[in-house]
Amino acid sequence: MNNIDFLLAGDPSVRRLTEKYLLDQAVSYTDQGWIHEFLSRFDTEKGTWGNGIYGPKWISTFYTLRDLMSLEIDPNNPLYQQGLNTLVK
């Protein structure tokens with residue numbers, strides 16, 4: 001298995017980035033894999049991840065949104081939008 005095959009066999013969000021940037025393919029957004037894992041930990045009542053805006057570090061809303069942005073989440077995803085709204089309040 002070569003490096004590209006390894007990346008394509010893994011997480012769907014990483015596969016999407018591999019197809020887009022390494023294979024120059026047209027791709028659509030996904031909410032599976034790591035993106036799904038991040039979204040599943042969102043607290044809809046508080047509008048946050050990790051019970052805070054900047055802390056606890058690495059699992060807070062700011063850092064989770066940064067990770068989701070790096071994974072190229074669909075910018076119109078409702079939970080992503082709710083998190084962004086919490087961040088800029």
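The values are calculated or read from the model by the stated rules, or taken from the named source; none is laboratory data. From a predicted model like this one, the values you see are computed outputs, not experimental measurements. Please note: Cβ atoms are built from the backbone with ideal geometry, for glycine as well, and neighbour counts cover all protein chains shown. These accessible areas exclude ligands, DNA and RNA; they are computed on the full protein's heavy atoms, side chains included. Shrake-Rupley method; radii C 1.70, N 1.55, O 1.52, S 1.80 Å.
Miscellaneous remarks
- For the stretch 1-70, the dipole from Cβ point charges (+1 on Lys and Arg, -1 on Asp and Glu) about the Cα centre works out to 220 debye, to the nearest 20.
- Among the chymotrypsin sites (Phe, Trp or Tyr not before Pro) in the stretch 1-54, those placed in a DSSP loop whose Cβ has at most 12 other Cβ atoms within 10 Å are Tyr54.
- Loop-resident sites, the stretch 15-83, for GluC sites (Glu not before Pro), counting at most 14 other Cβ within 10 Å (DSSP): Glu45
- Counting 0.36 nm for each residue step from Val88 to Ser40 and taking away their Cα separation leaves a gain of 15.1 nm.
- Of the trypsin sites (Lys or Arg not before Pro) found in the stretch 1-80, those that fall in a DSSP loop while having at most 15 other beta-carbon atoms within 10 Å are Arg41, Lys46, Lys57.
- Carbon/sulfur fraction of accessible area - the chain, other protein chains in place, 1.4 Å, %: 53 percent
- Report summary: the helix-based calculation at 222 nm, which adds -39500 (n - 2.57) for every DSSP H run with n ≥ 4 and divides by the residues of the chain, gives -14000 deg cm²/dmol.
- Label selected from (1) -0.54, -1.39; (2) -0.74, -1.17; (3) -0.58, -1.23, the criterion being log10 I(q)/I(0) by the Debye sum over Cα atoms at q = 0.15, 0.26 Å⁻¹ as computed here: (3)
- Relative to the longest principal axis of the Cα atoms of the chain, helix 61-70 runs at roughly 20 degrees.
- Nearest 10 degrees, 0 to 90: helix 78-88 Cα axis against the chain principal axis: 50 degrees
- Crossing angle, helix 12-21 versus the chain [Cα axis fit, 0-90 degrees, rounded to tens]: 60 degrees
- Theoretical FRET efficiency, 1/(1+(r/R0)^6), r = Cβ-Cβ of Trp58 and Ile4, R0 35 Å, to 0.05: 0.75
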